[in-house]
Structure formats: C-alpha cells, structure tokens
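The values are calculated or read from the model by the stated rules, or taken from the named source; none is laboratory data. Bear in mind the structure is a predicted one, so any value in this text is a computation, not a measurement. Cβ sites come from the backbone with ideal geometry, for glycine too, and all protein chains shown count toward neighbours. With ligands, DNA and RNA removed, areas are computed over all heavy atoms of the protein, side chains included. Shrake-Rupley method; radii C 1.70, N 1.55, O 1.52, S 1.80 Å.
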Amino acid sequence: MDSSTNNETTHEFPPFFKVYKDGHVERYMTPERAATGGHLRAPTGLDSETGVQSKDVVVSPDSGVSARLFIPKINGPGQKFPLVVHYHGGGFCLGSPFMKTFHNFLVSLASEANVVVISVDYRLAPEHALPVAHEDSWAAMQWISAHSNGQGPEPWLNEYADFGRVFVAGESAGANIVHYVAVQTGATGLAGPNIIGTIILHPYFGGKENDKMIDYMYPTSAGFKDPILYPEVDPNLSKMAGKKVLVCVAEKDGLKDRGMAYCETLKNSGWNGTVEFFESEEEGHGFFLLNPSSDKVVPLLKVMVDFINQN
C-alpha cells in the first residue's frame, strides 16, 4: 500500500483527534502531554500533603470500565463521608481520572470537602461512539449503588461512603454525563444512593448549530431532538434526582451561554429543586484543571465545598 495513503486523514478535529483513511484514530499531542512525554498518569496511594488516599477499581471486567477512588484523611474508626460520583471532561474523547490533571483536582476536592470521590473512566469516542460514554457512566452508577447496603465488591465504598449523602459532579462533557446520570437515577427510581445534589461545571450541551465533531462521534443522535444533547426536550427532566443543582460557568468560556441556558431550562422544567449559579470572572473553559494555580480556583472550590456541606 502506498505509504502516503496511510497518512491521509478523513476527519480532523483539533485539538482533540484526527481520523486516518485506514480508520485509526490519533489524539493531538497537547502541550501538557508533550511536556511530560505523553506520561500523564498519576500514581495512586497516599497524598502526603492532604492525607487523601487513592486506588483504582474495576467497575466492569466485560467493558473494561474502571474508576479511581479517593478517601479523605481518616481520623478514627467508623467514619462515613458524603460520596461524590465524578465524571471527567474532555469532549467525550479525551481524559481519564488517572491523569494528573484530574487526579490532583479530585485530591483537592476530597480533602477540602471531606468526601469520598469516585471518578469513572468511561470508554471514549470515537472508538466507542456516543452514547457509550453515557451508558458506561450509568452502569457505573448502578455498580456504585450496589454498595449502599455495605455489601458491594469494593471495601472502601462499603466502609467509608455515606449513601444517604450522594452528589454527582463533572465538568464540560463530564457535566453533560452527570446530568444524564442524575435524570436516569430519578426516572428509574434507582435504589440505594440518595442523591442530594448535582454539580455542573462549565457544561457542554448542544448549541444552536450542529457540532461536526459531535455528529461524527454520535452518529445515532436525534440532533436537536436528542435529550442527551438538549435537556429541554427530555420528557424525564422533571424527574431528575436530587433537590439542588450548582451550575458553574466561566466569564470567558465559549460555552458559558449554554450553562446559563441550562439553569433556565431546569427552572422551567417542573423539576422540584433549587438551582444555584456561580461565575468565575476573567477565566476560560476548564481553567481550574488547565491552570490550577489561578487565584480563581480557591473561590470555585469553596463554592463546591459549601454546596456539598450545607444542609
């Protein structure tokens, strides 16, 4: 075969991925990945600064879906902590809770909010077309829920997670997944977790025009009538689990308007809960991950911590 043919691309979606004529997919080398030689995986174990411990767990041997679990500093026997179920961002095609970017943020959240965090490593598009990411995430929530009676396969969840105080949280594409999981939990009446609230950070939802990358990754989408992309058309929206939602946006984020629209959608949906809103000024999309030294990270984290810990 002509080697030049192997280098031909059929689709390019910078800074996410490109697809070659032979069908293989290549992620773009971001500056962060280049600086570390592509080695972004954070080790598990004890974080000496915070006392947070982490480990990786298998959610589904069949699909290969796994998760990273974080527990805050333990000060004595019998301690139970609120549980945060997290879904990472990355355009549905990048990212993992094992990456340093997400790992470090979740260590901070576990420490500052004094919570157990489990972050799901769902399968990525385009190799696994949407809505596989959503299906994996929902299956993971069901697996997590199996620990609510203290008899699940993962000892840390059995011992330390308070299933009477559960939150779901995610950023960007992960915020989209969080919304989906919260609606599914409420609509199906999933037994076990008592979801108190949902944290939506810099969310991705469908816009007024077609997104070509989403079209490629989600070939079975119903377009503007797809409830995964457009919550306002979801007949189950009013059944969403939880009694409160925190929506966080950033002033310079191109997706800010979609986060604001999501707030209005919830308020007008008949959902019987409260919507809280927070905007980070002078910052862009996902800044708390991409620029963790920003002085705007601490106020954002505080809002999240207060949301979790308030009665």
- Item | residue 95 within 22 Å of residue 197 (Cα to Cα), assigned to a loop (DSSP other than H, G, I, E, B), small (Gly, Ala, Ser) and touching a Phe, Trp or Tyr at 6+ places or on another chain (Cβ under 8 Å) | no
- Note on the structure: Sole miss for residue 185 among (1) touching a Phe, Trp or Tyr at 6+ places or on another chain (Cβ under 9 Å); (2) under 16 Å from residue 144 (Cα atoms); (3) part of a strand (DSSP E or B) is condition (3)
- Sort through 270, 254 and tell me the only one that's on the phi > 0 side of the Ramachandran plot and in a loop (DSSP other than H, G, I, E, B). 270
- Of residues in segment 11-25 being in contact (Cβ under 8 Å) with a residue 60 or more places away in the chain and either surrounded by fewer than 16 Cβ atoms within 10 Å (Cβ to Cβ) or part of a strand (DSSP E or B) (or both), the one nearest to the chain's Cα centre (by Cα): 17
- State whether the residues of segment 53-65 include one that is outside any strand (DSSP E or B), open to solvent by 40 Å² or more (accessible area, probe 1.4 Å) and farther than 30 Å from residue 220 by Cβ. no
- Message: Among the residues in segment 167-175, are any on the phi < 0 side of the Ramachandran plot and without any contact (Cβ under 8 Å) to a residue 24 or more places away in the chain?
- Response: no
- Does residue 261 satisfy the criteria of being small (Gly, Ala, Ser), farther than 27 Å from residue 117 by Cβ and either under 20 Å from the mean Cα position of the chain (by Cα) or at pLDDT below 95 (or both)? yes
- Selection from segment 249-294 of residues touching a residue at least 24 places away in the same chain (Cβ under 8 Å), open to solvent by 80 Å² or more (accessible area, probe 1.4 Å) and over 28 Å from residue 238 (Cβ atoms) yields 252, 281, 282, 290, 292
- Task: Output the number of the condition that residue 261 fails; it satisfies all remaining conditions of (1) in contact with a helix residue (DSSP H, G or I) (Cβ under 9 Å, 6 or more places away or on another chain); (2) of a type outside the set (Val, Ile, Thr); (3) part of a loop (DSSP other than H, G, I, E, B).
- Result: (3)
- Query: Only one of 220, 185 is more than 25 Å from residue 290 (Cβ to Cβ), in contact (Cβ under 8 Å) with a residue 12 or more places away in the chain and more than 21 Å from the chain's Cα centre (by Cα); which?
  - Reply: 220
- Item | Test: residue in segment 114-136 that is more than 28 Å from residue 23 (Cα to Cα), out of contact with any Lys or Arg (no Cβ under 6 Å at 6 or more places or on another chain) and open to solvent by 10 Å² or more (accessible area, probe 1.4 Å) | yes
- Output for segment 112-122, where each listed residue is closer than 16 Å to residue 156 by Cβ and of a type in the set (Ser, Thr, Tyr): 119
- Just name the residue that is most open to solvent (accessible area, probe 1.4 Å) out of those in segment 295-311 that are under 18 Å from residue 165 (Cα atoms) and out of contact with any Pro (no Cβ under 7 Å at 6 or more places or on another chain). 311
- Identify all residues within segment 74-104 that are hydrophobic (A, V, I, L, M, F, W, C) and surrounded by fewer than 23 Cβ atoms within 10 Å (Cβ to Cβ); write none if there are none. 74, 81, 93, 94, 98, 99
